[in-house]
Amino acid sequence: NVSADPRNYRHDRLRHGICVPTKCTTVANINANITSQEMPIRKKVETCYNEKFKSLELKGKVSDVVCNTIESKYIVDKYDIIIGWLLSFHFFCILEQRKNISIKYMALAFVNRYIRLTPALAVMLAIESTWIVHMGKGPQWDALVAEEYRNCKENWWTNILYINNYVGKKTMCLHQTWYIAADTQLFIFGMILLMIMSRFHHGKIKTVFAITVILGILIQGSIAFVENYDIVVRQYPEALYNMNVLKSDIWHDLYSSGHSNITGYMIGLWAGYLFYKYKDTQLCINKVYVTLWWILTFGLCIFVVLIAGIMYKPNYKYTRMESALYWALGKNLFALGIAIGIFGFTQRVGWFARRICEWKAVQVLGRLTYSTYIIHVTLIRIRAGLTRYPLFINDYLMASTALGDILLSYLGGTILCLMVEMPVSALQKMMLPPQSTTNKTDVPSEKPLKKQKRIWQ
């Protein structure tokens with residue numbers, strides 16, 4: 001039948017969240033500590049509710065009992081390519097000046113990054129594990145908000161150490177921070193790799209990049225093949241009902257883990273190296289190269305998305321090999337398209353796309369992105385947890401809800417950025433030695449470069 005299909009919502013389950021004292025007044029007074037009375041309460045509520053719906057020949061079963069009283073029972077996973085690009089470019093620029101990068105210098109680079117990211121994250125962890133759970137109540141509040149509160153009380157330390165995508169991953173606090181953990185792990189991996197490559201000749205550097213990219217592709221493809229994972233992560237209604245993506249093995253193994261994002265990061269490192277190599281060279285690009293740039297930049301990204309849409313169809317039958325190939329190449333082709341796009345921007349290719357990226361307003365939003373990113377899921381959970389009736393989905397509701405979430409997220413992100421992120425960043429610059437480069441590492445400007453070489457003529 002329809003409800004037995006995992007692609008569909010379980011219409012055979014009529015989920016009702018009820019306030020017992022107002023809906024079932026015959027039920028005995030409920031003690032704030034419900035643990036000892038939970039089974040009697042379940043039976044009494046079932047009897048009460050079944051009596052109310054007896055005329056409709058419906059019977060219910062209490063699946064969960066949550067105490068929401070005044071005396072609360074609560075104790076008071078594409079930036080990979082950009083981060084890799086910047087790390088690689090600045091590393092080779094510094095290597096050009098110093099000729100040798102010490103372990104101490106690399107450790108200081110990690111400390112700078114850790115101080116840059118952690119304070120804002122720590123504030124959100126503190127809010128999630130204390131205040132948020134007391135900000136409302138409703139039928140879904142426990143599943144959507146209080147569950148996050150319990151996860152943060154238990155696993156906050158894994159976020160601070162940036163290992164939450166491996167340790168306690170199925171009870172992860174602030175599940176959107178999987179990306180920060182994966183990016184930090186890849187940052188350490190990238191620094192070690194670049195430090196090793198700094199001892200090589202430039203010809204061998206390309207070989208190391210190629211080997212690492214192939215290794216990352218093989219890791220993703222092998223996992224998908226051995227575990228026989230679905231070719232895409234399917235967002236079915238039941239999986240989204242309680243936002244329980246944390247229970248999905250495929251999401252942890254092929255999306256949120258550090259090892260599943262190696263290739264994208266390596267593409268970023270490779271692109272940063274090329275940018276460093278040609279930083280004083282103005283490529284002579286004709287219309288053929290510009291056309292090819294547009295095709296590769298947008299064509300690769302759109303192709304990956306559209307082919308996934310075909311694979312998402314209910315009647316599509318995939319094999320292990322197809323799943324392995326798509327997981328190994330899909331998002332990495334997307335990353336390659338982004339890398340080609342950014343490299344074109346540095347060579348003043350891109351017309352309106354480049355102008356949008358250089359627009360001052362976009363730069364302001366970019367400055368707020370980190371704080372907005374770590375706060376936005378909390379606001380979505382609060383909105384969903386406060387909902388007390390079913391919603392009839394349509395395009396207008398989806399658009400207005402998305403725009404409202406974006407606006408509130410950026411508003412909250414602005415407050416977090418101004419009160420925590422920017423002050424800490426200013427203190428960091430005052431207390432720690434800067435890791436700056438000289439003027440000859442500057443990005444090519446809009447003005448003609450007098451001393452630049454020209455190639456591809």
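The values are calculated or read from the model by the stated rules, or taken from the named source; none is laboratory data. Computed from a predicted model, the values in this text were never measured in an experiment. All Cβ positions, glycine included, derive from the backbone under ideal geometry; neighbour counts span all protein chains shown. Ligands, DNA and RNA are stripped out before the accessible areas are found, and what is left, the full protein with its side chains, is counted by its heavy atoms. Shrake-Rupley method; radii C 1.70, N 1.55, O 1.52, S 1.80 Å.
Could you list, in sequence order, the residues of segment 299-333 that are among the aromatic types (Phe, Trp, Tyr) and open to solvent by 60 Å² or more (accessible area, probe 1.4 Å)? Reasoning before the result, please.
From segment 299-333, those among the aromatic types (Phe, Trp, Tyr) are 303, 312, 316, 318, 326-327; that's our starting set.
The answer is Phe303, Tyr312, Tyr316, Tyr318.
So for segment 309-320 (the condition being modelled with pLDDT of 90 or more, of a type outside the set (Phe, Trp, Tyr) and in a helix (DSSP H, G or I)), does at least one residue qualify?
yes
Which residues, counting only those in segment 281-298, are open to solvent by less than 80 Å² (accessible area, probe 1.4 Å) and either more than 22 Å from Gly216 (Cβ to Cβ) or modelled with pLDDT under 90 (or both)?
Passing the criteria: Thr281, Gln282, Leu283, Cys284, Ile285, Asn286, Val290, Thr291, Trp293, Trp294.
Look through segment 265-280, keep the residues that are open to solvent by 10 Å² or more (accessible area, probe 1.4 Å) and within 16 Å of Gly337 (Cβ to Cβ), and return whichever of them is modelled with the highest pLDDT.
Ile267
Looking at Thr401, Thr441, Thr387 in this structure, which one is at pLDDT below 95 and either under 30 Å from Gly272 (Cα atoms) or of a type in the set (D, E, K, R) (or both)?
Only one candidate qualifies: Thr441.
Table: residues versus (1) part of a helix (DSSP H, G or I); (2) at pLDDT below 90; (3) under 30 Å from Asp230 (Cα atoms).
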{"residue": "Tyr326", "(1), (2), (3)": "yes, no, yes"}
{"residue": "Arg354", "(1), (2), (3)": "yes, yes, no"}
{"residue": "Tyr410", "(1), (2), (3)": "yes, no, no"}
{"residue": "Lys429", "(1), (2), (3)": "yes, yes, no"}
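Taking Ile163 as the residue in question, decide whether it is at pLDDT 85 or above, assigned to a loop (DSSP other than H, G, I, E, B) and of a type in the set (Val, Ile, Thr).
Taking the combined requirement at face value, the residue satisfies it.
Only one of Gly309, Gly341, Gly264, Gly268 is over 21 Å from the mean Cα position of the chain (by Cα) and not β-branched (Val, Ile, Thr); which?
Among Gly309, Gly341, Gly264, Gly268, only Gly341 is over 21 Å from the mean Cα position of the chain (by Cα) and not β-branched (Val, Ile, Thr).
Any idea which residue in segment 101-160 is nearest to Leu379 (Cα to Cα), counting only those that are basic (Lys, Arg) and in contact with a Ser or Thr (Cβ under 7 Å, 6 or more places away or on another chain)?
Once the filter is applied, the top-ranked residue is Lys153.
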